[in-house]
Amino acid sequence: MDRELLKQFENLFLELKKQTLNELKLEEKNMSWEKGDEIDQSLEERERAMNLKLLGRHSFMLKKIDGALFKIKNGTFGICEECDGEIEINRLRARPVATQCIACKEEEERTEGQVLYEKRSHTHGVGLNNSNVIPLHAERDSNVIQMSAEIF
């Protein structure tokens, strides 16, 4: 990658960092806690949780930006972390903080699909089977619909 293109990416990252830091400051200002009745406090708590989530996302983005700036300084920006191949410029324009070439990223996403469901979900892999499915219609001979205690 030529120096001029690296300088453009560096300027982009510096601008992104500045914007993200400004957004972080705004989010931190919105974290004030006000008095009120139960409904006000509930709404305030919900807004506070959303602001914390946004703060986390901004912090994560700052880490990615700092990592990209570090790579620019070290001369490794645009190099795939998996295969050491070059990351296509179109990918970097679309996703400047990309750390993998498209082939390695696609392979990573394919292998993520192989991870057991209970390891990536809060439902702990509970699936549907005959023991936990409520029948849509009862048999004519029986007035009792069997329901699994697992659901209720």
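The values are calculated or read from the model by the stated rules, or taken from the named source; none is laboratory data. Not measured: the values here are computed from a predicted model. Because the Cβ atoms are built from the backbone with ideal geometry, glycine has one as well, and the counts that use them run over all protein chains shown.
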Checklist line | Any hit, the stretch 83-94, residues being exposed (fewer than 11 other Cβ atoms within 10 Å of the Cβ) and not in a loop (DSSP other than H, G, I, E, B) | finding: yes
Margin query: Restricting to the stretch 22-55, name every residue that is out of contact with any Lys or Arg (no Cβ under 8 Å at 6 or more places or on another chain) and either modelled with pLDDT of 90 or more or not in a helix (DSSP H, G or I) (or both).
Written below: Asn30, Ser32, Glu34, Lys35, Gly36, Asp37
Margin query: If Glu44 meets every condition in (1) in contact with a Phe, Trp or Tyr (Cβ under 8 Å, 6 or more places away or on another chain); (2) under 25 Å from Gln100 (Cβ atoms) apart from one, which number is that one?
Written below: (2)
Item checked: Verdict on Ile145 being loosely packed, with under 14 Cβ neighbours inside 10 Å, modelled with pLDDT under 80, among the aliphatic types (A, V, I, L, M) and part of a helix (DSSP H, G or I) -> no
Next item on the list: Pairs only if they're at least six apart or on different chains, beta carbon under 6 angstrom, first in the stretch 2-17 and surrounded by fewer than 11 Cβ atoms within 10 Å (Cβ to Cβ), second at pLDDT 95 or above and part of a helix (DSSP H, G or I); list them, first residue then second.
Entry: none
